[in-house]
Structure formats: C-alpha cells, structure tokens
Amino acid sequence: MRRINLKKANVARADTIRYINRQIVLNFIREKEPISRAEISHETALQRSTVSLIVDELKTRGLIYEIEGESTGGRPPTLLRLHAAASLAIGVDIATAHTTVAVADLAGRVVDRETFDTDPDVRAMFRKVGASVQKFIRVHGNVEGIGVCVPGLVDPETDIALFIPHFKWRNWSLASELHKLTGVPVAIDNDANAAALAELWLGRPEIRDVRDFILVLVEEGLGTGIIFDGQVYQGVAGAAGEFGHMTIGKGAPVACAAGSEECWEAFASERATLARYRQRVGDSEITFIELIEKAFADDEAAKEALLETAYYLGLGISNLTKGLSPEAVILAGDIARAWPLIAGELRSTLATNTICSGLPLAPVFASTLGDDTRLLGALSLVLARKFASGVPA
Ligand SMILES: [Zn+2]
C-alpha cells in the first residue's frame, strides 16, 4: 500500500502556495498593466510583503519591469509592466485534421502562424512540424520554448506521446526529437490538459481566482483537463481526465475512439451531434461548424441535434461535479460557439441531475479563448514552465 509522506506533502503544499501566488500576481500584471504593487495587493488580498517578494523575483528574471506613473501631487507611483516582447514561444497544435504552428509573446499574443493538414504518416508529420518550427526560429529568433499539444495521451515523466487514437500512433518521442532538431526546450501535453492550462493563464476573468476547475474539450472526441490547486492534475502516466470514456448509457449514435457505444464521447462529441443530424435529414456532408450555423439560422434538425448533445453534456458534467466538486466547469471546442443555443438545456440537465447529491451547482462557462483554445494551450505549456520554475522563492 502506498503511504503519503506528510513531511513531503507539507513542503509540496508550501511550494504550491508560492506557485499559485506567483500565478495570481503575474496574471494581474498581464491583465491590468501598468499596475502598482499596492493595487495588486488590494485586488488580490495578498499581503503587501508577499506581493513585493514575488514582484522582486519576477523582476530579477526579466519577466516584468518598472515604469514611473503620473504624479497626483506627491512622489510619482512606480508601476509594473509585463516584459512581453522580451522573449517568444512557439506553440504547435496537432489536431486530427489540421496542425497549427504559431509564434507568440509572453502575454499569449500571436505574432505569426501557419496551418497545414495533419499527415497520418508520423514521420512525414514530424518533418512538416520540424520545418515549420525551424522556419519560425530563423525568422523571429529569440524563441525560449516550444509547447506542443496532441489529441492523445502523454506521459508527463518522459514527455512521450503514448497513444494518439485517431492515427493509432504509439510511443512518439516528438518532444525529444524536436528538441534535438532545434536546441530549444520542448514541453508537450494532451490537448485538453493544455487547453485547461490556457484558461488558467490566459482565460476569462471569472476563472482568474478559481484554482480548481474542469475543462471539457469537445471535438471529434471528448477530453477533459482537470486543474487542481492551480496545476494540471495528471495522474499516473498522465492518464487522469479520461472522462470521455466514462459510461453514460447504451446505444450512442456513434462509437468512441475505442469502439464503445456507451461512452460519454460517443454521446456528446462532434461526431455524435453530426450523426444525430444525419438521423433526421438523411445523408449529409456538412461540418460541425456548418451544423452550428444552420442551428442559428433556425434549422430544426440542427437545433434538435445540438440540444440532445447539450443534454448529454449536462449529464456527464453532473457526474464530474459529483465526483470532483470543482469551483467551475468550462466548455471548450467549436461547441462553445453554440453556447447561446445549448446553455439552457445543459444547465437544466445539470441542475436536475445534481439535486440528489445535495451539492451546490458549479457554474458552467463557455471558453472565451475562441478558435485558438488548443493553440493557446500549447503556448501556455511554455508560459507556465517559464513563470513557474526556477524562480528563487
Ligand atoms: Zn470509450
């Protein structure tokens, strides 16, 4: 039986608190710059001394700098700004259909990007990604890190992509190969984990003070990223958050990536919604985005297909809420565009199915990161490492 070493746990806890405080201060500077130490302290309820200590650390590392504010009579105040352009990060978002490679500054602002078809041949795929990344490094220089997100399982210890179901790729050492090719540090994670990290670092204000939340990423499949204590909860071999394969019922409209018709993914993914639409209208080649557009244009079949998906999303989220009691749940992926159409059904299903547990209802939001959630996730892998590690605390 594994026992928890309490001494170790206490040290970890203190590190975690420092990490979270640093995250909070840095996010405040990013969002509200220029801002003074006193304002940060006032708005975050962190002590002045704690804020000053963190600000000194961040300054030492060249992440922020000071400017003189305007005087209102006395001594002009010292304000803080993010040194956003000081260094750049490259994000690589590998999705089942397309791959996007982009360069961004430390505030997550994309300055250059390109998108190409994802190649089902893993060697050809590496050549494409490698060429694109090398080109951006040549053009922009100053690239501090590369973040990669993939639609599959990544071992956080070895950084090996263990399995990408859509392409049946196994044990892909993409991160170390890319590092060898470029000499730049590479961070890699599952797309839902990375998207959750992006919400934490770059997401909506509602989530700024939330340190425990779940992100549900709906795409061709369905993945979840769990943020616990301001960090991604990985589990053994990075396999936590596989709620897309929890059993929801029988007879889903499609099978999940592993072939089951009982998984949440089989009921609530984009493929499930498209299958429901085809059940109503017969053969149709429309994409998920087109289906959403039709629903907004009052197409009954499209609206019904989306509402049924909203029901199953609510059902799954209610199960997650009962098990993990998060502070919030965020829905991400193209489905977020349909939020005004599905929010009512999703929330009422959630309310009905959470009643028996007596738990308070976690608020559910649509992601505000838009079409770039996964890409910003890949970039956040670099930002989180840079801001979190190596700062003397
Ligand atoms: Zn499954």
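The values are calculated or read from the model by the stated rules, or taken from the named source; none is laboratory data. All figures in this text were calculated on a predicted structure; none of them were measured in a lab. All Cβ positions, even for glycine, are placed from backbone atoms using ideal geometry, and neighbour counts span all protein chains on display.
Okay, here's what the table says:
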item	result
The one condition in (1) of a type in the set (S, T, Y); (2) under 14 Å from the mean Cα position of the chain (by Cα); (3) at pLDDT 85 or above that T368 fails to fulfil	(3)
Long-range neighbours under 6 Å by Cβ, at least six apart or interchain, first residue outside any strand (DSSP E or B) within segment 359-375, second among the charged types (D, E, K, R) and modelled with pLDDT of 80 or more	R374/D93; R374/D191; L375/D93
Residues that are more than 14 Å from the ligand (Cβ to nearest atom), part of a helix (DSSP H, G or I) and either touching a Ser or Thr at 6+ places or on another chain (Cβ under 7 Å) or of a type in the set (S, T, Y) (or both), drawn from segment 231-275	T273
From F365, F267, residue being surrounded by 15 or more Cβ atoms within 10 Å (Cβ to Cβ), of a type in the set (F, W, Y) and under 24 Å from R204 (Cα atoms)	F365
Some residue of segment 174-182 being polar (S, T, N, Q) and loosely packed, with under 15 Cβ neighbours inside 10 Å	yes
Filtered residue count, segment 99-112, keeping only those that are within 16 Å of A131 (Cα to Cα) and under 19 Å from the mean Cα position of the chain (by Cα)	5
Test set (1) within 30 Å of A252 (Cβ to Cβ); (2) in contact (Cβ under 8 Å) with a residue 24 or more places away in the chain - F163 fails condition number	(2)
Which numbered condition L63 misses (of (1) under 26 Å from D15 (Cα atoms); (2) free of Cβ contacts under 8 Å to residues at least 60 places away in the same chain; (3) hydrophobic (A, V, I, L, M, F, W, C))	(2)
Residue count for segment 125-161, restricted to those that are within 24 Å of G235 (Cβ to Cβ), surrounded by fewer than 21 Cβ atoms within 10 Å (Cβ to Cβ) and of a type in the set (V, I, T)	2
Residues of segment 238-276 satisfying the condition of being acidic (D, E) and more than 23 Å from the chain's Cα centre (by Cα)	E261, E262
Set A332, A338: member being in contact with an Asp or Glu (Cβ under 9 Å, 6 or more places away or on another chain), crowded, with 23+ Cβ neighbours inside 10 Å, among the small types (G, A, S) and closer than 26 Å to T287 by Cβ	A332
One residue from L350, L320, L341 being assigned to a helix (DSSP H, G or I) and either under 18 Å from G223 (Cβ atoms) or aromatic (F, W, Y) (or both)	L320
Single match in E177, E157 (criterion: within 19 Å of I226 (Cβ to Cβ) and out of contact with any Leu (no Cβ under 9 Å at 6 or more places or on another chain))	E157
Selection from segment 276-299 of residues that are among the acidic types (D, E) and either at pLDDT below 95 or within 16 Å of the ligand (Cβ to nearest atom) (or both)	D283, E285
Qualifying positions in segment 166-184 - outside any helix (DSSP H, G or I) and either of a type in the set (G, A, S) or in contact (Cβ under 8 Å) with a residue 40 or more places away in the chain (or both)	H166, F167, W169, W172, S173, G183, V184
Pairs, first free of Cβ contacts under 8 Å to residues at least 60 places away in the same chain in segment 237-248, second among the charged types (D, E, K, R) and buried (at least 23 other Cβ atoms within 10 Å of the Cβ), C-beta under 6 Å, six or more apart	G244/E265
Flag for E220 being more than 15 Å from the chain's Cα centre (by Cα), charged (D, E, K, R), modelled with pLDDT under 95 and more than 9 Å from the ligand (Cβ to nearest atom)	yes
Evaluation of G241 against (1) within 30 Å of S380 (Cα to Cα); (2) touching a Gly at 6+ places or on another chain (Cβ under 7 Å); (3) modelled with pLDDT of 90 or more; (4) not β-branched (V, I, T) (one fails), failing number	(3)
Candidate set from segment 227-238 (those that are on the phi < 0 side of the Ramachandran plot and in contact with a strand residue (DSSP E or B) (Cβ under 6 Å, 6 or more places away or on another chain)); member that is surrounded by the most Cβ atoms within 10 Å (Cβ to Cβ)	I227
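For (1) at pLDDT 90 or above; (2) more than 28 Å from Q231 (Cα to Cα), each residue gets a yes or a no:
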{"position": "I24", "(1), (2)": "no, no"}
{"position": "F28", "(1), (2)": "no, no"}
{"position": "R37", "(1), (2)": "yes, no"}
{"position": "A84", "(1), (2)": "no, no"}
{"position": "A102", "(1), (2)": "yes, no"}
{"position": "D117", "(1), (2)": "yes, yes"}
{"position": "K128", "(1), (2)": "yes, yes"}
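Here's the yes/no breakdown for (1) among the polar types (S, T, N, Q); (2) surrounded by fewer than 22 Cβ atoms within 10 Å (Cβ to Cβ); (3) touching a strand residue (DSSP E or B) at 6+ places or on another chain (Cβ under 9 Å):
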residue: S284; (1), (2), (3): yes, yes, no
residue: E290; (1), (2), (3): no, yes, no
residue: D299; (1), (2), (3): no, yes, no
residue: K303; (1), (2), (3): no, yes, no
residue: T309; (1), (2), (3): yes, no, yes
residue: G314; (1), (2), (3): no, no, yes
